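First comes the structure, then the notes that go with it.
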Amino acid sequence: MKIGELARRTGVSIRSLRYYEEQGLLKPERGDNGYREYSVLAEEQVRTIQFYLGLGLSTEQIAGFLQCVLIHKEAFCSEVLPVYEKKLAEIEEQLALLTAIRSNLMERIAYIRAESTEEEER
C-alpha cells in the first residue's frame, strides 16, 4: 500500500509516517518509481508505534524494542521493562516537581487573598 493509504487507515499524517521511517521504525520497500510501498503489517506497526508514543516514550526508546514486541508478547521482550521503569521514574520526578509548584502557588494565592482582605478592611 502507498503512504497515503496507510495514513488514511491509521489516522497518522504522512509527515509522521515519513518521520517514523527516518527514525527506523518503519521500513517500506521502494517501487521502481521510487514510491514507498508498505506491507500489510505496516498498519499494525503504526498503531503499535502510536500506542508507545501515547505512553510518552520517544521514538528512540521505541526503536529499541519495537521489532521484539511486534513478533512476541511485550512480556517476552526484556528491553521493554527497563524503558518503562525509566519513564515511570521520570514521571514520578515530574509529579513531585509539579506538586511542589502547586503548593507554592496555593500559598501565594492564599497570601495575596489575605493581604487583599486586610487592605479592604482598613
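Shape descriptor for the chain: Rg over Rh equals 1.30 (Cα atoms; Rh from the Kirkwood inverse mean 1/r). Top mean-square fluctuation among 41, 105, 53, Gaussian network model of the chain, C-alpha springs under 10 Å? Judging by the Gaussian network model, the answer is 105. Full extension of the segment from residue 13 to residue 88, taken as 0.36 nm per residue of separation minus the current Cα-Cα distance, would add 24.2 nm.
If you take the Cα centroid of the stretch 63-122 and the Cα centroid of the stretch 1-54, the two points sit 31 Å apart.
In the chain, Cα pairs under 8 Å separated by at least six residues give a relative contact order of 17 percent.
Below 27 Å, Cα to Cα, which lysines can residue 73 reach? Residues fewer than 8 away in the same chain don't count. Candidates past the 8-residue exclusion: 27, 86, 87.
Each residue, residue 21 and residue 40, gets one label point 7 Å from its Cα in the Cβ direction; the gap between the two is 2.2 nm. Scalar couplings 3J(HN,Hα) for the stretch 28-41, obtained by applying the Karplus form with A = 6.51, B = -1.76, C = 1.60 to θ = phi - 60°, are x, 7, 10, x, 4, 7, x, 6, 6, 10, 9, 6, 5, 7 Hz; x denotes Gly and Pro.
Think of the chain as having a plus end and a minus end, set by charges on the Cβ of Lys, Arg, Asp and Glu; of 62, 39, 25, 39 sits farthest toward the positive end of this dipole.
All of the numbers you see were taken from the coordinates with simple rules; none came from a lab. Because the structure is predicted, anything quoted here is derived from the model rather than measured. With ideal geometry, Cβ positions are generated from the backbone for all residues, glycine too; neighbour counts draw on all protein chains shown.
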